[in-house]
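Structure, as structure tokens:
Every number in this text was worked out from the coordinates using simple rules, so none of it is lab data. Keep in mind that what you see is a predicted model, and the values were worked out from it rather than measured. Here the Cβ positions follow ideal geometry from the backbone for every residue, glycine too, while neighbour counts run over all protein chains shown.
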Amino acid sequence: MASTTTELVDNGTKVDGRGRRITRAQERQALIAAYRSSGMTQRVFAQREGVRYSTFTSWLQGRRRATATATKASFTEVAIAPALSSPALSVQLPDGTLITGRCAREVVELVHALRGSKPC
């Protein structure tokens, strides 16, 4: 009867309880940077690096979301000096939003823009 010898090699890779390789955020960022400069498709790159395609695409998607969140628009209140001749017009929407302006047409257009509808 032949005997089998098994050698255990520890390359420092950590795995979770299901045997999946744990990749640190720093390693993920390095792989994403290498992918972007590689000119390869996502699938080919992931296969070459030994990463499941679905895992690699989720890393890319997370990176895109983080970038999009960092560049979201913010709103700032702007005060415009009132015209002396016309009185202010105020419209309060059901959700409590208060819109004040000098020109009725512009206030109506703004209300419709906020609601996503077209003015009459």
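A few comments on the model shown:
- Taking the number of Cβ atoms within 10 Å of each Cβ as an exposure proxy, the fewest-first ranking of 35, 53 is 53, 35.
- Under-5 Å amide H pairs with residue 89, H placed in peptide plane, nonlocal only: 101, 102
- Ranked list, fewest to most other Cβ atoms within 10 Å of each Cβ, for 5, 55: 5, 55
- Theoretical FRET efficiency, 1/(1+(r/R0)^6), r = Cβ-Cβ of residue 108 and residue 64, R0 25 Å, to 0.05: 0.10
- Compactness index (Cα Rg / 2.2 N^0.38 Å), the stretch 25-70: 1.09
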